[in-house]
Amino acid sequence: MAQILIVEDEVKIARFLELELKYEGYTVHIASNGREGLEKGLNPDIDLIILDLMLPILSGIEVCRRIRQTSDVPIIMLTAKDDVSDKVMGLDMGADDYITKPFAIEELLARMRVALKRKKTDTINDSILSFNNLTLNKQQRQVKVNKEEIILTKKEFELLAYLLENKNIVLSRENILERVWGFEYYGDTNIIDVYIRYLRGKIDQKYSMDMIHTVRGVGYLIKDVV
Ligand code: CA
């Protein structure tokens, strides 16, 4: 069953949602401020986030914006009645849907089902990436060249997936650092070069492929062979 994160500082509402969602069979996690919501929301096991907008430490809008830098997890915002600008801003930041307080639990459950179903469809469609004879299966976290599996570390896998998702687009080191390593990483961008070298060793050199290209002074890209 899906794992739901509730980010809500009002204890009564959080508790009410927790009980209702557990009753429906969901696994429920709670965060009571924006920072905690961001930390928990970046856990890839979370299938959907219910995000209150008025939160201590970090606003819901900011939480949404930062999660969207690295994750497509469905987000349903909880907004105050008639606060149109919050709704618009939240949707601009990549939230999938919103529900206005006070709300009927049935309506929230229905919106959650829609968002979860959409996520499932998206995941299946986007889960296989490829280049020549190489395929990367995001769901199974598996990379193969022809039928042979290539063992990658977590970061190598994520870096390769990000390059493949953006095939034919030059990605700067800063962009890669932000999207693959995340905002919590404070080191410099040399780490990208190191990981590119690992990937080239395991794939380009081993299988004589010309997959990862360096764009001098900018970054890297994977180019479709024409
Ligand atoms: Ca609140």
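The values are calculated or read from the model by the stated rules, or taken from the named source; none is laboratory data. Bear in mind that the values here come from a model prediction, so they are computed numbers and not experimental data. A quick note on method: Cβ atoms are made from the backbone with ideal geometry, for glycine too, and the neighbour counts reach across all protein chains shown. Heavy atoms of the whole protein, side chains included, go into the accessibility calculation; ligands, DNA and RNA do not. Shrake-Rupley method; radii C 1.70, N 1.55, O 1.52, S 1.80 Å.
Brief remarks on what is shown
- The charge dipole of segment 1-150, taken about its Cα centre with unit charges on the Cβ of Lys, Arg, Asp and Glu (plus for the first two, minus for the last two), comes to roughly 460 debye.
- Members of LYS87/LYS155; LYS40/LYS144; LYS154/LYS206; LYS117/LYS147 lying beyond 28 Å, as alpha-carbon distances in this model show: LYS87/LYS155; LYS40/LYS144; LYS117/LYS147
- Proximal lysines to LYS12, defined as alpha-carbon separation beneath 17 angstrom and excluding residues fewer than eight positions away on the same chain: LYS22, LYS101
- Residue among SER85, ILE176, VAL73 farthest towards the positive dipole end of the chain, charges placed on Cβ: ILE176
- Between helix 105-126 and the chain: long-axis angle, C-alpha atoms, 0 to 90°, nearest 10: 10 degrees
- Solvent-accessible surface of segment 126-222, averaged per residue with a 1.4 angstrom probe and all protein chains in place: 56 square angstrom.
- P(r) histogram, all alpha-carbon pairs of the chain included - 10 Å bins from 0, percent: 7, 30, 28, 20, 12, 2, 0
- Rg and Dmax of segment 26-147, Cα atoms only, in Å: 16.5, 55
- Calculated diffusion of segment 126-222, Stokes-Einstein form, Kirkwood radius summed over Cα pairs, 4 °C and 1.567 mPa s, µm²/s: 96 µm²/s
- With the charge dipole of the chain set up from +1 on Lys and Arg Cβ and -1 on Asp and Glu Cβ about the Cα centre, the Cα lying farthest toward the positive end among the listed residues LEU199, VAL28, ASN146 is that of ASN146.
- Heavy-atom surface of segment 3-123, accessible at 1.4 Å and reported per residue (Å²): 50 Å²
- Theoretical ellipticity at 222 nm over the chain - DSSP helices of four or more residues, -39500 (n - 2.57) apiece, nearest 500: -11500 deg cm²/dmol
- Backbone phi angles across segment 25-40, fed through the Karplus curve with coefficients 6.51, -1.76 and 1.60 (θ = phi - 60°), yield HN-Hα couplings of x, 6, 8, 10, 10, 10, 10, 10, 8, x, 5, 5, x, 5, 4, 5 Hz in residue order; Gly and Pro are listed as x.
- Principal-axis tilt of helix 190-199 within the chain, Cα atoms, nearest 10 degrees: 60 degrees
- Seen against the Cα atoms of the chain and their longest principal axis, helix 154-165 is set at about 90 degrees.
- Shown for the chain: the carbon plus sulfur share of the solvent-accessible area, taken with all protein chains present and a 1.4 angstrom probe, equals 50%.
- Contact order normalised by residue count of segment 3-123, Cα under 8 Å, 6+ apart, percent: 22 percent
- Highest-fluctuation residue, ASP72, ASP188, ASP96 considered, GNM on the chain with Cα pairs under 10 Å: ASP188
- The charge dipole of segment 126-222, taken about its Cα centre with unit charges on the Cβ of Lys, Arg, Asp and Glu (plus for the first two, minus for the last two), comes to roughly 280 debye.
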